[in-house]
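To start, the structure under review is shown below, and the notes come after it.
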Amino acid sequence: MLDPEGKRHLICVDHGSRLWKLLFFGTLFLRVNISHQIDSISFLRQYIFVPDKWRTWEEAAAYCNQMYDGLASISGPEDMKEISSSLPPTTRVWIGLYDALDSWKWSDPRTGENLGDYRPWQTGLPDNVGGVECCGAVSKDGYWRDYKCTGLLLPFLCFNAQQNGYVLEREPRSWLDAQSFCRLNHADLANLTNPAEGDEAKALLQRAGVEQAWFGLHRDSWVWTDGSDTSFTSWLTGQPNNAAGSQSCVYMEAEKWNDFPCSYQCYVLCQKLLPKRKKFVLKLQMSSDVNPDLPAVRGSLLQQLLSRLADSGLTDVRVSWR
């Protein structure tokens, strides 16, 4: 339909990639302006309930990876309601959330995030009490301990790049506050990557009479197998609790999540990722005496637009007049 200037038309283009800004259609000259983006979706999830038999979490993950696009990730309450409406009542299903127990890494990226082989944990640690211990402290004896990142206030070790050494800050802070302080006033929390660095930190704590201090050790907590955002949660009251220190996987029942041993057997909820899409509204400005309201002209314009987009490598495209 013509706008008040009699020259501009809106076309919806559905695709996830680049768009030409200038298009030449025979004797028609079109200038294409993206007026706004309607929708930007990297993928859509389709959930698949697998009721044929119970599986452990590892078996469930392997099955979903082979048959679909992995165990289900859940990004919000709308997903929860969609899933629950299609599941039999009181059905427990494995989902793709798990506790990344071995994802320990360093705060200071200059030495690389990977820990390497030097990991002098205190005997029996890390134990992830309550399923929430994701930050590391070092004792005056040089042993590492895992704690909750918030709530516990400790002195902390920073690395000072100018001094090329460690600085002990005595004012107790949480791990996250300690990280912010070190980055603002020094370089970062200290990384202890080898025995020599561990001995240096141990000597510093012993001279100061400090029992233990935060350093740059931390890990991811609950993560989705496909790397999706973890801001949405729907834990059952009192969960996760990592009972008996062995609950690293998650099942869902009645829209609530519970951490449980990965060896437990549940039904399975997989996901299938639908094709990526982006939807744009384009504004075309034409210089021609051809009447663009004629059905034949409109159809021809769409075909030429598709042809030009295909020439530029965009083949999975749908266009329509709006």
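The values are calculated or read from the model by the stated rules, or taken from the named source; none is laboratory data. Just so it is clear, the model here is predicted, and its values are computed rather than measured. No Cβ is skipped: glycine too gets one built from the backbone with ideal geometry, and neighbour counts run over all protein chains shown.
What the table below lists for this structure:
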item	result
Filter result for T123 (in a loop (DSSP other than H, G, I, E, B) and more than 30 Å from A178 (Cα to Cα))	no
Residues being without any contact (Cβ under 8 Å) to a residue 60 or more places away in the chain, over 33 Å from the mean Cα position of the chain (by Cα) and either crowded, with 21+ Cβ neighbours inside 10 Å or not in a helix (DSSP H, G or I) (or both) - total across region 168-208	3
Checklist (1) among the β-branched types (V, I, T); (2) modelled with pLDDT of 95 or more; (3) assigned to a strand (DSSP E or B) applied to T237, failing item	(3)
Residue in region 256-264 that is charged (D, E, K, R), more than 19 Å from R55 (Cα to Cα) and not in a strand (DSSP E or B) present	no
All positions within region 16-53 that are modelled with pLDDT of 50 or more and surrounded by 15 or more Cβ atoms within 10 Å (Cβ to Cβ)	F43, R45, Y47, I48, F49, V50
Residue list for region 138-186, filter: of a type in the set (G, A, S), modelled with pLDDT of 95 or more and out of contact with any helix residue (DSSP H, G or I) (no Cβ under 8 Å at 6 or more places or on another chain)	S174, A178, S180
